[in-house]
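Inspection log for the structure reproduced underneath, given as structure tokens.
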Amino acid sequence: MEDVPDDLLNDLQRRVKKHTLENTVYFDAEGAKKALAMHPLPAYFLDFETITFAVPIWAGTQPYEQLPFQFSLHYLPAADQELQHTEFLDLTGEDPTRPFAEALVESCGHEGPIFVYNKGFEVARIKDLIRHLRDDAELVKSLAAIKERLVDLKPIAQDNFYHPGQKGSWSIKSLLDTMVPLLSYKDLEGVQDGGSAQRAYLTAVAQLKGGATTPNGIDDQRRQLLNYCKLDTFAMVAIRERLLHVNTHDIKTT
């Protein structure tokens, strides 16, 4: 890394190089506060999980289309008020599009920013929902309103924080490990990423259709899925809080 000329790098790459070689944390406290002040509380924190099929199994869907079957939503009314949580998970094996959309609209309220991490994913999924449900004008209108309220937490973190332990990555997992080390996806049982979430979904649906009732059956998959998705949104709550109040002296670099 020392041998890479700075003039070949962009600003972000130079920052990564500098703080990696120096083993120091970069944090622009004023920049973070200014960015987050544009999206004040009350605020929501949202994450989707999806399933894809090479050969579609539901009418109107496409090969490899990412179809949402689960969401987690944390709601923070104010800094001094209790954090609330809502979730949705459809393991029936039927097309989850409409029940997912209806639950999402009911849970997201009518105002306030909705934080997501890597906004393009949720935007694309909501556009797909709108396309599938285009005959329901009221539901489409509500989904479109939710899409307009989405706020991407990733660029706020990327512009204002870097820890050498991230190793150049701003995935939510890398950021959480360095910024809030007491929270970790590694502590989750079973489902720890999107790929394992898809496998758990398929396993649970197969077990349900096969009539599984054992403790190691569908209930186990459901619990793992709910815990994983819930951590995704709680992680955003924690990252937002750290961006507002982080003390770099409290963050270890080794």
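Residues in region 110-134 that are out of contact with any Lys or Arg (no Cβ under 6 Å at 6 or more places or on another chain), among the aliphatic types (A, V, I, L, M) and not in a helix (DSSP H, G or I): 2 in all. Considering region 121-147, the residues that are among the small types (Gly, Ala, Ser) and free of Cβ contacts under 8 Å to residues at least 24 places away in the same chain include one that is surrounded by the fewest Cβ atoms within 10 Å (Cβ to Cβ), namely Ala137. Checking every residue in region 24-39 against the condition of being farther than 27 Å from Leu150 by Cα, modelled with pLDDT of 95 or more, over 24 Å from the mean Cα position of the chain (by Cα) and exposed (fewer than 14 other Cβ atoms within 10 Å of the Cβ) gives zero matches.
Is region 137-147 home to any residue that is modelled with pLDDT of 95 or more and in contact with a Ser or Thr (Cβ under 7 Å, 6 or more places away or on another chain)? Within region 137-147 (the criterion being modelled with pLDDT of 95 or more and in contact with a Ser or Thr (Cβ under 7 Å, 6 or more places away or on another chain)), the answer is no, since none of the residues qualifies.
Taking the criterion of being outside any loop (DSSP other than H, G, I, E, B), touching a residue at least 12 places away in the same chain (Cβ under 8 Å) and under 24 Å from Leu231 (Cβ atoms), the residues of region 79-104 that qualify are His85, Thr86, Glu87, Phe88, Leu89, Phe100, Ala101, Ala103, Leu104. Here are some residues: Gln66, Gln70, Gln13. Which one is surrounded by 11 or more Cβ atoms within 10 Å (Cβ to Cβ), more than 21 Å from the chain's Cα centre (by Cα), modelled with pLDDT of 95 or more and not hydrophobic (A, V, I, L, M, F, W, C)? Sole residue among the options that is surrounded by 11 or more Cβ atoms within 10 Å (Cβ to Cβ), more than 21 Å from the chain's Cα centre (by Cα), modelled with pLDDT of 95 or more and not hydrophobic (A, V, I, L, M, F, W, C): Gln13.
The values are calculated or read from the model by the stated rules, or taken from the named source; none is laboratory data. As the structure is a prediction and not an experimental result, all values here were calculated from the model. Don't worry about glycine lacking a Cβ; one is built from the backbone with ideal geometry, like all the others, and counts go over all protein chains shown.
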